[in-house]
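Asks: First, the structure itself, so that you have it in front of you.
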Amino acid sequence: MKEDLLKNPVFGMAAQQFDNVADFLELDEQVRERCKWPKRIITVSLPVTMDDGRTEVFFGHRVQHHLSRGPVKGGLRFHPSVNVGEVAALAMWMNWKCALMGLPYGGGKGGIACNPREMSMGEQERLTRRFAQEICPFIGPEVDVMAPDVGTNAQHMAWILDTYSTREGRFVPEIVTGKPLELQGSEGRTQATGHGVAFLASRVLNKLNLQTEGATAIVQGFGNVGSYAVETMSSYGMKVMGISDISGAIWNPRGLDSKALLEHVQKAGGVAGFAEAEAIDPDEMLLQECHVLVPAALERVITASNAGKLKCRILAEAANGPTTPEADAIIEARGDIFLIPDVLCNAGGVTVSYFEWVQNLQRFSWTKAEVLSKLETKLNEAFENLLSFCEKRNCGHRMGALATGIDLVARVKKTRGLFP
Ligand code: NAD
């Protein structure tokens, strides 16, 4: 099992990061092993009736990295390249992220290998419900709480909530987060991840004595995270010059109008062809000069081949795992890029998911202003703690963020002891 997981490049990368941090923290061998490997890996086959009458079998995975500090928390991804190694890596990162943010959760992640862009909503509903039904024995508000990720949204969470609640015979909103408001979703959850990315980017601009207003940005990915990061950065008066998605990349050095672009994407299905911008090669776009570069799509896009050529002042990792360890080493050696590591940068999503779960458990709801202000307080606290840790321990931001999370999990494992 260990070898199979390590063969996967994304899990290999998460494991390599973990080993580096474990060395840095001088974790003893027993605790190291207990922290590194996932507690549960669940794979289910999902037969679904397609619109043309065929039965297609999909495979879905859920990985619960550990349950030592509370239920696991993490998204459910629909993407053709989903595999168990990638899901396990994402679960491991969620683990460190929840600990870094002080949330009472372990990390989890789920994924179904499918292409939602080529599936009708009816097919997606049947697939989601079948997955929820198969996974029901392994989840619960105190065990595993799912949320949207790449390729899924509030509607998918509503189907999971409905399937689970029907099975339980009662309404259980706390089974998922990131659900629609009318099903007791939280105000502010949809924009939370992107809002947090923009908030942290502006905090860093501030630290670097740079003006937020007029600062330039480039964003890869214009889905949930990317689009709200663009919206919040634009609301701060920042100029987002380049945006890419699966359809291509667009460029306007005077700044892209986020509202007009959203309308275009709703009609055209992607950013390509937006009238108020030129087309640019998506890989070249990442290399243009800007204050803030935001990878907000998939993992492993900043690599050894482009890390040396980046011309950004701040790398705000909105996606999970966008930078390979080789690229990390190059960026650290350059010393001219301020890294906001993914486990902190995109933690707005899980933090407001936590707020949503807490509101659901109390059958109480907060206003959007309350949610976003509590989010900013929590992100700012984690950001300042990270800077002090890095200064004290003389380490980079990725090491500092992961070390803070891993150290807490390791201490919990040690204190709880090993059963039997
Ligand atoms: P999403 O499905 O809403 O959007 C993904 C975007 O990436 C789309 O615009 C898509 O077109 C684009 N994309 C896909 N392949 C691309 C490519 N090769 N080049 C450029 N763009 C490409 O997903 P999301 O929820 O916005 O998640 C994006 C990232 O943020 C993922 O890494 C996810 O794990 C991470 N994340 C999401 C949340 C959340 O709350 N949604 C929270 C934390 C982290």
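The values are calculated or read from the model by the stated rules, or taken from the named source; none is laboratory data. Values in this document were obtained by computation on a predicted structure and should not be read as measured data. Don't worry about glycine lacking a Cβ; one is built from the backbone with ideal geometry, like all the others, and counts go over all protein chains shown.
Asks: Ser305 passes all but one of (1) more than 9 Å from the ligand (Cβ to nearest atom); (2) crowded, with 21+ Cβ neighbours inside 10 Å; (3) in a loop (DSSP other than H, G, I, E, B); which number fails?
Replies: The failed condition is (2).
Asks: Kindly state which helices (runs of 4 or more DSSP H) lie completely within the stretch 334-420 and contain at least 3 residues that are more than 21 Å from the chain's Cα centre (by Cα).
Replies: 347-362, 368-393, 397-416
Asks: Taking the stretch 273-291 only, how many residues are farther than 7 Å from Ile250 by Cβ and either modelled with pLDDT under 95 or assigned to a loop (DSSP other than H, G, I, E, B) (or both)?
Replies: 8
Asks: To continue, here is another question. Inside the stretch 319-340, can you point out the residues that are crowded, with 24+ Cβ neighbours inside 10 Å and closer than 17 Å to Leu386 by Cα?
Replies: Result: Ile340, single match.
Asks: Check the stretch 315-338 and report whether any residue there is closer than 17 Å to Leu205 by Cα, more than 13 Å from the ligand (Cβ to nearest atom) and in contact with a His (Cβ under 6 Å, 6 or more places away or on another chain). Quick ask: steps written out before the conclusion?
Replies: Pass one, the stretch 315-338, residues closer than 17 Å to Leu205 by Cα: 315-318, 335-338.
Now drop any that are not more than 13 Å from the ligand (Cβ to nearest atom), which leaves 315, 335-338.
Now drop any that are not in contact with a His (Cβ under 6 Å, 6 or more places away or on another chain), which leaves none.
No, the stretch 315-338 contains no residue that is closer than 17 Å to Leu205 by Cα, more than 13 Å from the ligand (Cβ to nearest atom) and in contact with a His (Cβ under 6 Å, 6 or more places away or on another chain).
Asks: Just wondering, is there one or more residues in the stretch 354-364 that are surrounded by fewer than 16 Cβ atoms within 10 Å (Cβ to Cβ), farther than 15 Å from Met101 by Cα and not hydrophobic (A, V, I, L, M, F, W, C)?
Replies: Yes, that holds for at least one residue.
Asks: Pull out all pairs, ordered by first then second residue, where Cβ-Cβ is under 9 Å, the residues are six or more apart or on different chains, the first lies in the stretch 218-243 and is on the phi > 0 side of the Ramachandran plot, and the second is of a type in the set (D, E, K, R) and within 11 Å of the ligand (Cβ to nearest atom).
Replies: Gly221/Asp245
Asks: Right, next: Which ranges mark the strands (runs of 3 or more DSSP E) fully within the stretch 8-121 that have 2 or more residues being surrounded by 24 or more Cβ atoms within 10 Å (Cβ to Cβ) and under 23 Å from the mean Cα position of the chain (by Cα)?
Replies: Details: elements: 40-49, 55-64, 72-79, 106-113.
Fully inside the stretch 8-121 and qualifying: 55-64, 72-79, 106-113.
Asks: Select from the stretch 273-293 the residues that are in contact (Cβ under 8 Å) with a residue 24 or more places away in the chain and near the ligand (Cβ under 10 Å from one of its atoms) and list them in ascending order.
Replies: Scanning the stretch 273-293 gives Pro282, Met285, Leu286.
Asks: Next up: If we scan the stretch 251-266, do we find a residue that is on the phi > 0 side of the Ramachandran plot, near the ligand (Cβ under 10 Å from one of its atoms) and either part of a helix (DSSP H, G or I) or in contact with a Pro (Cβ under 7 Å, 6 or more places away or on another chain) (or both)?
Replies: First, pick out the residues of the stretch 251-266 that are on the phi > 0 side of the Ramachandran plot: 255.
Then keep just the ones that are near the ligand (Cβ under 10 Å from one of its atoms); that gives none.
For the stretch 251-266, residues on the phi > 0 side of the Ramachandran plot, near the ligand (Cβ under 10 Å from one of its atoms) and either part of a helix (DSSP H, G or I) or in contact with a Pro (Cβ under 7 Å, 6 or more places away or on another chain) (or both): absent.
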